[in-house]
Each structure stands twice: as C-alpha cells, then as structure tokens.
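Okay, structure first, notes after.
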Amino acid sequence: DVLDPDRLIQCPYNKHHRIRACRFPYHLVKCRKSYPEVAKELATCPFNARHLVPQADLSDHITKCNDKGFIEQDIVNQSSGFQREQMNAVSTWQAPPCEEDWET
C-alpha cells in the first residue's frame, strides 16, 4: 500500500538501505551527506522531493511522475477557486462625497 507508513523504500544513495516510508525524508537528508558523489549524479523531481533519479532520466521521470497529476489538479482547483471568488466579490467601495460644484 502506497500510503502505509511502515512500507520499505529503497534508498537512492545506497541500494542496501531499506527505510520505512515515514522515516524516508530524514534518511534522504542523512544519506545525501554520507554519499556526496552519488548525490551529484541524482536530480530531484519537481513534483516530489522524495523522487531522486539519475540526472539523465529526469525528463523521462517528469513526464511519467504520478505526483504530477496532484500538482496539476491543485493548480486547476486554485485558479477556478480564484475565478469564483472574483465573480462573487461584491465591491464595497463608495465614492467620497464631492464638495466641488462644476456648474459654478
């Protein structure tokens, strides 16, 4: 199950490391420091910082990344919500009283 916090995930820095999903972000930070040469070869997915892929494979990963759909849906929801707010907004602005008499 993808949402199971106890499922094991393979570390991108050391293939022998298998970490529980709930600890994975902390492990990535620690392992990145321990394996700086491997870290230089990996790129971070713009949709999910837990996705570390070889730099050469990043564009392919971006087109196939499952998390891209969540980001795109959030953008659609935010923009449609903003448009709804704009349509429903009622202006409370009132012109200040004018003391000038243009006829005189």
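The values are calculated or read from the model by the stated rules, or taken from the named source; none is laboratory data. These figures come from a predicted structure and were not determined experimentally. Note that we place each Cβ from the backbone using ideal geometry, even for glycine, and neighbour counts take in every protein chain shown. Please note that ligands, DNA and RNA were not included when accessible areas were found on the heavy atoms of the full protein model with its side chains. Shrake-Rupley method; radii C 1.70, N 1.55, O 1.52, S 1.80 Å.
Taking amide H atoms as placed 1.01 Å from N in the peptide plane, the amide H of ILE9 lies under 5 Å from those of ILE19, ARG20, ALA21, each 5 or more residues away in sequence or on another chain. About the centre of its Cα atoms, the chain shows a dipole size close to 1500 debye [charges on the beta carbon of Lys, Arg (+1) and Asp, Glu (-1) only; nearest 20 debye]. Which whole-number value in Å² is the accessible area per residue of region 8-66, probe 1.4 Å? That works out to 68 Å² for each residue. Using the Cβ of ALA56 as centre and a radius below 14 Å, the other residues enclosed give a net charge of -2, where K and R count +1 and D and E count -1.
Solvent-accessible area of HIS17, probe 1.4 Å, all protein chains present, reported in Å² to the nearest ten, please. Counting only protein heavy atoms, HIS17 exposes about 50 Å² to solvent. The base-10 log of I(q)/I(0) for region 8-66, evaluated at q = 0.16, 0.29 Å⁻¹, reads -0.48, -1.28 [Debye formula, identical scatterers on Cα atoms, solvent excluded]. By accessible area, using a 1.4 Å probe on protein heavy atoms only, region 8-66 has 53% of its surface on carbon and sulfur. Considering Cα pairs under 8 angstrom that are at least six residues apart, work out the relative contact order of region 8-66 and quote it in whole percent. Value for region 8-66: 23 percent.
Our analysis of the chain gives Rg over Rh at 1.41, with the two radii drawn from alpha carbon positions and Rh computed by the Kirkwood formula. 3J(HN,Hα) along region 61-71, derived from phi through the Karplus expression 6.51 cos²θ - 1.76 cosθ + 1.60 where θ = phi - 60°, amounts to 4, 4, 5, 9, 4, 5, 6, 4, x, 5, 5 Hz, with x in place of Gly and Pro.
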